[in-house]
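**Q** Handing you a structure now.
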Amino acid sequence: MSDVKSLQQERIQMFTDVFDGKIPKRVPIGAARFSSEFAIQYAGRDLAEAQWDTSTLEGILGGVCEDFPSDTLPLSSIRFPSYYKLLGSRTFVMGSSGFLQHPEVHGLEPDEYDEFIASPYDCIMEKVLPRLYTALDTNPVSKSVALAKAFKAYYDETSNMGMIFGKLSQKKGYAPPLFSGATAAPFDFVGDLIRGFKGITSDVRRYPEKVVAACEAVTPMMVKKGLPLNPSKYASTFIPLHMAPYLRDKDFEKFYWPTFKKLVDDLAAAGQMTTLFVEHDWMRFVDYLYELPENTRLMFEFGDPKRVKEKLGKKHILTGFYPLTLLKTGTKQQCVDKAKELNEILAPGGKYYFGFDKSIITVDSVNIENLQAVLQYVAEKAIY
């Protein structure tokens, strides 16, 4: 067996142990995720230009793999501008800096809730999408052509990235991806683009029962979206949790939690685990998280790691917490010491793999030497 294959098997075994409730030989690095924008900047390439031709990105993305230790592919590429441009997108718009921006928009008016609740899919296709994507706000023939062009671009981009990611994974001996799908909490789905942040925060007061019904109506869609063809306890469905911290406790209990828990429960019942990006501060809701299916993976952005370990560490798998801001402002020793501190809190007993509190999007958001020092420490010295 080659050295790369042997290394890959070792990495696979570490994550298998974590997910099986065993103690691996060391703490694996599983959530050190660099965006394609970071990789382009790190390679010294023009951000606005490189994103338009994904076939050229292999060398650019490979630089991240060479310079930053990880046990899984440390790259994420979620969106590219080509298909948004073809659709006339109002939801994601290329900014002057070369980053796709997400303006505050909505596709459903409050007097249309009943129609949405009765048939969310039809309402999305017929009303919401044409309002969010101007190329679809036209006659059926032109709409079909625009949609076909956008899907062709989308599949071209994802195919290119899939081939590149596969080559880099084999070359570096990474463990398989930790995610095999993605979906959204029902309340977040309704709030993000259907009604928008401003709309949904008003609706929970003005139309509370319609919001509840809308979340219930889209839950089957969110389950279907998050369930891969081959469910697995070793992969997972990624769910970023957006809006819960902005809700009052009683509103969280009424609007957010019931359909979100059903989503996670239904995926688990089908054999698919979830990785939840617990965005912002969920400390008010830690006891709720305990009620999720065993071995749900929780990636925390903020909060008290000691409390989380005490409350959740025996049932669920934890990651995150490491603050990217420290990599920018701290000394190298302070950054390594923080990794040691989190390891001492979160690693005992297992059910932990190392990760930062969020994805690394820009080169200037971190000190590169600090970042490399932290990853090197974890790769060489972080044990349970």
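The values are calculated or read from the model by the stated rules, or taken from the named source; none is laboratory data. Computed from a prediction, not measured in an experiment: that's the story for all the values here. Here the Cβ is made from the backbone with ideal geometry for all residues, glycine too, and neighbour counts use every protein chain on show.
**Q** In the stretch 121-146, which residues are more than 19 Å from I194 (Cβ to Cβ) and either assigned to a helix (DSSP H, G or I) or among the charged types (D, E, K, R) (or both)?
**A** Correct list: A135, P140, V141, S142, K143, S144, V145, A146.
**Q** Here is a further query. Look at the stretch 331-367 and say how many of its residues are surrounded by 15 or more Cβ atoms within 10 Å (Cβ to Cβ), out of contact with any Leu (no Cβ under 7 Å at 6 or more places or on another chain) and within 18 Å of K314 (Cβ to Cβ).
**A** Final tally of qualifying residues: 6.
**Q** For the stretch 174-184, does any single residue satisfy the condition of being in a helix (DSSP H, G or I) and either in contact (Cβ under 8 Å) with a residue 12 or more places away in the chain or surrounded by 19 or more Cβ atoms within 10 Å (Cβ to Cβ) (or both)?
**A** Scanning the stretch 174-184 turns up no residue that is in a helix (DSSP H, G or I) and either in contact (Cβ under 8 Å) with a residue 12 or more places away in the chain or surrounded by 19 or more Cβ atoms within 10 Å (Cβ to Cβ) (or both).
**Q** Another question about this same structure. If L346 satisfies every condition in (1) without any contact (Cβ under 8 Å) to a residue 60 or more places away in the chain; (2) under 29 Å from A48 (Cβ atoms) but one, which is the exception?
**A** (2)
**Q** Still on this structure: Counting just the residues of the stretch 95-120 that are assigned to a loop (DSSP other than H, G, I, E, B) and among the hydroxyl-bearing types (S, T, Y), which one comes out farthest from S35 (Cα to Cα)?
**A** Across the stretch 95-120, the extreme among qualifying residues is S119.
**Q** Right, next: Go through the stretch 364-384 and report how many residues are in a loop (DSSP other than H, G, I, E, B) and hydroxyl-bearing (S, T, Y).
**A** The total comes to 1.
**Q** Ok, one more. For F34, are the conditions met, namely being touching a Pro at 6+ places or on another chain (Cβ under 6 Å) and either surrounded by fewer than 19 Cβ atoms within 10 Å (Cβ to Cβ) or of a type outside the set (D, E, K, R) (or both)?
**A** For F34, the condition - touching a Pro at 6+ places or on another chain (Cβ under 6 Å) and either surrounded by fewer than 19 Cβ atoms within 10 Å (Cβ to Cβ) or of a type outside the set (D, E, K, R) (or both) - is met.
**Q** For the condition of a type in the set (F, W, Y) and closer than 23 Å to A43 by Cβ, what is the one hit in F99, F116?
**A** When all the criteria are applied, what remains is F99.
**Q** Looking at the stretch 46-59, which of its residues are without any contact (Cβ under 8 Å) to a residue 24 or more places away in the chain and either of a type in the set (A, V, I, L, M) or under 15 Å from I360 (Cα atoms) (or both)?
**A** Residue satisfying the conditions is A50 alone.
**Q** Would the stretch 170-180 turn up any residue that is touching a strand residue (DSSP E or B) at 6+ places or on another chain (Cβ under 8 Å), closer than 19 Å to S36 by Cα and of a type in the set (F, W, Y)?
**A** Yes, the stretch 170-180 has at least one match.
**Q** So, L263, is that one crowded, with 22+ Cβ neighbours inside 10 Å, in contact (Cβ under 8 Å) with a residue 40 or more places away in the chain and not β-branched (V, I, T) or not?
**A** Spelling it out, L263 is indeed crowded, with 22+ Cβ neighbours inside 10 Å, in contact (Cβ under 8 Å) with a residue 40 or more places away in the chain and not β-branched (V, I, T).
**Q** OK, next. Of the residues Y234, Y256, which is surrounded by fewer than 19 Cβ atoms within 10 Å (Cβ to Cβ) and touching a residue at least 40 places away in the same chain (Cβ under 8 Å)?
**A** Sole residue among the options that is surrounded by fewer than 19 Cβ atoms within 10 Å (Cβ to Cβ) and touching a residue at least 40 places away in the same chain (Cβ under 8 Å): Y234.
**Q** Helices (runs of 4 or more DSSP H) wholly in the stretch 1-88 with at least 2 residues that are modelled with pLDDT of 90 or more and out of contact with any helix residue (DSSP H, G or I) (no Cβ under 9 Å at 6 or more places or on another chain) - which ones?
**A** 3-19
**Q** Can you tell me which residue is surrounded by the fewest Cβ atoms within 10 Å (Cβ to Cβ) among those in the stretch 321-330 that are touching a Lys or Arg at 6+ places or on another chain (Cβ under 8 Å) and in a helix (DSSP H, G or I)?
**A** Only one residue fits best here, namely L324.
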